[in-house]
Each structure stands twice: as structure tokens, then as C-alpha cells.
Amino acid sequence: GGVLRSIDGGVTWAAATTQPTNAFVLTFAASGTTLLAGTQNGGVFRSTDGGVTWTAATTQPTNPFVTSFAVIRGTLLAGTNGGGVFRSTDAGVTWTAIPRQPTELQIGALAASGTTVFAESSWGGLYRSSDGGDTWTVAASPPVNAGVVALASDGTTLIAGAFGRGVF
């Protein structure tokens, strides 16, 4: 388990030298030369050496079950399972809760496009922030019981991946 890395395009793999203490990694993100790993109940871990070693963020989200990341012009957002969305402006060293949260705090996925970010609630709601996560509104409702678990945006199109239901 834990973090594996490849330096040859996925032909071979090796375990990271120093692993996150909670090896159940749920999500990764990159911001510049910093890599981030979100874990189940272990919070956020950072690597600045290409994933060879990992250290815990100095100040963690108050909910350590990190499900997703989004990067908005150097600012990092972390979605958590039950704690809402957290922000880091120092490459993931410290994290603070955003002041105005989406109504549902169980965030399953985040996606960013410019300063717009989308948050998918594990309860089925889709939220939109056009100011980098400062305020949120209900964006739309995915198809009933879609079970959205992943979001992505190319700048004009938002794509939602649903558990056992395909892509919307």
C-alpha cells in the first residue's frame, strides 16, 4: 500500500522512501513542484522531491478525511468527508476552513476552471463558486441517485463521473 512512483512513464514502479503515515491515499494533486496526497483520516501530506518523501502538512484540515483537491491559480482547495472545503495559500503547508461553506459538508469531488470551482456533495448536490471558494450556490442537481464521485473541467465543460452509472 501507500504511495508508488514511476520515473519512466509507468513501465516500472517503486514505493516512496517516506510514506504518509496513513497509507490509504484517496487523491493526489500537483501545484508547481509540490505534490499533495489526501488520505482517509490522515489529512494532507506534501512532497517537494517528486514523491520520493512525504511529510504531513503543518496545519491540517480539522476533518482529516480528504477526498479531493482543486488548484485555482496557486491556491489549493481540499474537499473533506464531513468537514467541507479547506484552503491553503502556501503550497499545502497550512490549511484553514473557508468561511462560507457549501450547504452539504460531505464533499466527494472538486473541479476548478479559472476562478470557478465546483464541489460535489456526497448527498447528491452540486455547488458552484465563482470567486475561488469564498461563496457557494447550488449549481444543479445531477441525475437522481447518480452517485457522482469525480468531477473534471476543461474550462468550458464540466464532466461528472458516477459510481456504476458512467459519465454525465
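The values are calculated or read from the model by the stated rules, or taken from the named source; none is laboratory data. Given the structure is predicted, the values throughout are model-derived calculations rather than measurements. Cβ placement follows ideal geometry from the backbone for every residue including glycine, while neighbour counts extend to all protein chains displayed. Just the protein is used for accessible areas: all its heavy atoms, side chains included, with ligands, DNA and RNA removed. Shrake-Rupley method; radii C 1.70, N 1.55, O 1.52, S 1.80 Å.
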Right, Arg87: closer than 15 Å to Thr21 by Cα, among the charged types (D, E, K, R) and either out of contact with any helix residue (DSSP H, G or I) (no Cβ under 9 Å at 6 or more places or on another chain) or open to solvent by less than 30 Å² (accessible area, probe 1.4 Å) (or both) or not? no
In region 40-53, which residues are in a loop (DSSP other than H, G, I, E, B) and open to solvent by 10 Å² or more (accessible area, probe 1.4 Å)? Gln40, Asn41, Gly42, Thr48, Asp49, Gly50, Val52, Thr53
Residues satisfying the stated conditions in region 54-73, i.e. over 14 Å from Ala29 (Cα atoms), among the hydrophobic types (A, V, I, L, M, F, W, C) and open to solvent by 50 Å² or more (accessible area, probe 1.4 Å): Ala56
Being hydrophobic (A, V, I, L, M, F, W, C) and open to solvent by 30 Å² or more (accessible area, probe 1.4 Å) narrows it down to one residue among Ala109, Ala97; which is it? Ala97
Give the residues of region 114-145 that are crowded, with 17+ Cβ neighbours inside 10 Å, at pLDDT below 85 and assigned to a strand (DSSP E or B), sorted by residue number. Ser121, Leu126, Ala139
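Of the residues Ala37, Ala70, Ala91, which is closer than 27 Å to Ser129 by Cβ, within 16 Å of the chain's Cα centre (by Cα), part of a loop (DSSP other than H, G, I, E, B) and of a type in the set (A, V, I, L, M)? Reasoning before the result, please.
Working: Ala37 fails: part of a loop (DSSP other than H, G, I, E, B); Ala70 fails: part of a loop (DSSP other than H, G, I, E, B).
Within the list Ala37, Ala70, Ala91, the selection yields Ala91.
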